[in-house]
Each structure stands twice: as C-alpha cells, then as structure tokens.
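Asks: Below are the structure tokens for one structure; questions will follow.
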Amino acid sequence: MAAHKTVVLGVTGGIAAYKACELIGRLTKRGVEVYPVMTQNAMRFITPLTLQTLCARPVAVDLFSHDAPFSVEHISLARRADVLAIVPATADIIGKLALGIADDLLTTTVMATRAPVLVAPAMNGAMYSSTVLQANLATLRARGCTVVGPEAGRLACGEEGEGRLADVGDIEAAIMDLVYPRRDYEGLAVLVTAGPTREYLDPVRYITNRSSGRMGYALAQAALERGARVVLVSGPVAIDPPDGAEVVRVETAKEMLEAAMSHFDACDIAIKAAAPADYAPKSRSDRKLKKAGVGGGEITLTFVPNTDIAAELGRRKGKRVLVGFAAETQDLEKHALEKLEQKGLDMIVANDVTREGAGFETDTNAVTILTKSGSPVRTGLVSKLEVAHLVLDGALTIHRKKQE
Ligand SMILES: Cc1cc2nc3c(=O)[nH]c(=O)nc-3n(C[C@H](O)[C@H](O)[C@H](O)COP(=O)(O)O)c2cc1C
C-alpha cells in the first residue's frame, strides 16, 4: 500500500486515551502517516512523548504555539489529512464539534478540514445514553461524520454499560475504509431516481409530497465514491447533486417514468428512491383555474393513477438489480415485503416515516433493508450516506449472484 496517506489522529481526555497508542502502531504498520493532535486534557492521561515516539514525529497540542512545525498549524494539518479520526472522543469534544466550537488546535483543525471525519466515542454509560450526547452524535452523523462504537461491557468507572471504546481493530478498519475508499462499483452503471414529482392542476398549482431527494442524492454520491457511473433522475429538489452524476431533471411522474425507462437498459443497478405521485389530476387546465365567485364553493377533483414506475421497470429488468423504497406509517416490514413481491424488486428499503429523524426532510434515516431470501438488515438512526452504502453493499451482492 502507498505510504503517503495521512491520518490526523485527535486524542481527547478520556480514560481510553492510552488505546490511541495501539491504533498508531496498527496504522503505521499499514503505511499510513499518523499526525497526532492532543487536547490539553488528553495530556493528563498520556504524554505527548509516548505518541511522539510511536509515530516518530512531534505531537501537536497548542493552537498558539510559535515553534509549530507548520506555518498555521491547524490549517496545515487540516489540509494534509486524508482522514481525521478522533480516538477516543470524549462527550466534550462531541458536543463542541456538534456546536461548531473552535477553541483549541483539534476543534479548529476539524472545522478547517475537508477530509472525512471519524469519531470513536468512549465514556461512562450514563453520559453516553444522555439525551444531549445522543443529539450531538446525531448531528455529527447527519453531517456525514462516521461514528464507530462504542461497545457495551465493563467500563473504567466500574459500571457495566454501553460506552467502552470500540475494538481498536474495528476502528482501524473503519479508518482504512475512509483512507482507501472502496471502488467496488467500478465499471457498473447505476440509475437512481430521487425527489418528489409535481402533478399539475393548472399552470400554477400542483400536487406534490414531502420528499426532499436527500436519500436518492446520498445514494448517487455513495455510488460515485465507489466508482460507478451514475444517472440521477431527479424531481424538483432544493439540494445540489453530487459532482460527477449525469442529472436528468423531471417534474411529473410521467416524465420520471420516461426518463427512468430511457436510462434503464444501460444500467446494471437501478435504485428507485424517488417519491413519484401515485395519482395525477385527470385533466390539466391550460389556464389558471378561477375561484367560483366571492368566497368560492366546493370543488371536486378527479385523479387517475400514474403508471407504477417500479413495477414497469420490474417487468423488464432481466439481469439488472432493482431496488425500491417503501415509506410506511404502519406494519412496515409486512407492507414492504408485499411491495417487493408485487413489483418484481430484488431489494426494498423500508422506512417508518413517522419515526423522528427518519424519512422526509432529514439528513438521517433508520431503515430496514429486506430481500427475498436474506435476513433483514435494521440500521438504527444513521446518516443517509451510511444507509446509502449499506443499500449499495446489498445491491452489489445481488448483482454478483445474478452474474454467476
Ligand atoms: C479520571 C477521568 C476519566 C475521564 N474519562 C472520560 C471518558 O472516558 N470520556 C469522557 O467523555 N470524559 C471523560 N472524562 C471527562 C473529560 O476529561 C472532560 O470532559 C474534559 O473536559 C475533556 O476534555 P477534552 O475533550 O478537551 O479532551 C474523564 C475525567 C476524569 C477525571
């Protein structure tokens, strides 16, 4: 493996700080250059000399140090990082990062970096389960930060509970995944549909839904990161598409169907994360509909069903993998499995849109990934990008089986 990858390793003031030593050893063996940054409180637990000796370079500790080896140290560190990992991460640093506090070398470096950020929390079980810590972690996840652990077990304070630093080998593996992103989608074409549709009543009014497009856009981004060619068929949304995707913008479900059909043949894996309307007004007036007199009376609109895009693609999928989404408010898995069968899907991602932090207009999601034969994968509340990678993992396994 090339020796030029750099991990900036933040070490904070928790009892598990000594475990950073083992991590440095493991990463160094992998040819990764480790630049440790310690908080002032981390130095109460272990000395910079220990880390300095292990990674054979000075340890950065002071934001205002004049003999820093780099010009403006936090900016230099931020730029040179391929990954910024904080191991262990105290409740304190997690809170600071969630709030955007930048009052020391580590927090300023995190704010200034464009590299992926990973935190491995370790603390007392009651601190870990506290509402504020959980909310702060959710904020970090929503920003795309990778959170590894913690684990349940015996804690340094003598209690049993969740809060132990994750296994150092697992942390090493998660860091290496970020250092060398998987390119397992190289050579594959992925079609993603995303966002809502608009079903017009007249030139100024339409029926739509709460889909923000975030899940579909995260899928497109994850597939691009893993080397796929991506066509993103998108309804009207307020977010920017990931660089590198071929974006086809549509408004109505009919346009979405046409766009999806015309790009389907060329794809290997199609993921239907959009929320096209099931029904459209029977007629679309060319002129703005007028209110009937002052105050107006009741009006009745007639809707007709739109063509079911997933079912349509399911009928002609051949060896392609077809993944659908099910937003449900009750009997989640039962309804999702029915949909899987009816529409000829290979995999369905079910989300309970009534759960806080999941479903529409959020950066996080909690889903159950169901296939015909495999056991369900339940994610818990994680970032949409993490959900996207899990969906891609599953879709790739099915794709490989179909090619056998
Ligand atoms: C003996 C001892 C052990 C501690 N262990 C932890 C810990 O494991 N996790 C944690 O979040 N805080 C722990 N703390 C509290 C932190 O040291 C404290 O919140 C500190 O402000 C963290 O500073 P830092 O995040 O800038 O490193 C511990 C404190 C003491 C005195």
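Nothing in this text is a laboratory measurement; each read-out follows from the coordinates by a stated rule. Just so you know, these numbers come straight off a predicted model, no measurement behind them. Glycine gets a Cβ as well: all are built from the backbone with ideal geometry, and neighbour counts include every protein chain shown.
Asks: May I ask for the percentage of alpha-carbon pairs in the stretch 252-404 that lie more than 27 Å from each other?
Replies: 33
Asks: Related question: Given springs between every Cα pair under 10 Å in a Gaussian network model of the chain, which of Gly374, Gly296, Gly95 has the largest fluctuation?
Replies: Judging by the Gaussian network model, the answer is Gly296.
Asks: For His335, His74, what's the fewest-to-most ordering of other Cβ within 10 Å of each Cβ?
Replies: Fewest to most other Cβ atoms nearby, the residues stand as His335, His74.
Asks: Which number comes out as Rg/Rh for the stretch 6-179 once both Rg and the Kirkwood Rh are worked out on C-alpha atoms?
Replies: 0.94
Asks: Arrange the following residues from fewest to most other Cβ atoms within 10 Å of their Cβ: Phe325, Phe360, Phe64, Phe264.
Replies: So the residues, fewest neighbours to most, are Phe64, Phe360, Phe264, Phe325.
Asks: In degrees from 0 to 90, rounded to the nearest 10, what is the angle of the helix 332-342 Cα long axis to the longest principal axis of the chain?
Replies: 50
Asks: Taking square-rooted eigenvalues a ≥ b ≥ c of the alpha carbon gyration tensor, is the stretch 7-49 rounded, prolate or oblate, where a/c under 1.5 means rounded and, failing that, a/b exceeding b/c means prolate?
Replies: It comes out prolate by the Cα gyration axes.
Asks: Ordered by residue, what ³J(HN,Hα) values in Hz, to whole numbers, does the stretch 375-388 give under the Karplus form 6.51 cos²θ - 1.76 cosθ + 1.60, where θ = phi - 60° and Gly and Pro are x?
Replies: Taking θ as phi minus 60°, the curve returns 7, x, 10, 9, 8, x, 7, 9, 5, 5, 5, 5, 4, 4 Hz for the stretch 375-388.
Asks: Please list, in chain and number order, the residues 5+ apart from Val367 or on another chain whose amide H is under 5 Å from its amide H, with Hs placed from the backbone.
Replies: Thr379, Gly380
Asks: Straight distance only, please: which aspartates and glutamates reach the Cα of Lys288 with their own Cα at less than 20 Å, same-chain residues fewer than 8 apart left out?
Replies: Partners found: Glu199, Asp202, Glu251, Glu298.
Asks: Between beta-carbons, use under 15 Å as the cut-off and find the net charge around Ala152, counting Lys and Arg +1, Asp and Glu -1.
Replies: -4
Asks: Search the structure for amide H atoms under 5 Å from the amide H of Val247, placed 1.01 Å from N in the peptide plane, and list their residues when 5 or more places away or on another chain.
Replies: Residues meeting the criterion, in which the H sits 1.01 Å from N, are Leu232.
Asks: Another question, if that's okay. Taking the Cα atoms of the chain, what is the range of coordinates along each of the three principal axes, in descending order and whole Å?
Replies: 78, 61, 45
Asks: Between their Cα atoms, which of Lys317/Lys372; Lys334/Lys401; Lys254/Lys372; Lys339/Lys384; Lys254/Lys339 are more than 27 Å away from each other?
Replies: Check vs 27 Å cut-off fails for Lys254/Lys372.
Asks: Please enumerate, by chain and number, the lysines with C-alpha under 21 Å from the C-alpha of Lys5, excluding those fewer than 8 residues away in the same chain.
Replies: Lys29
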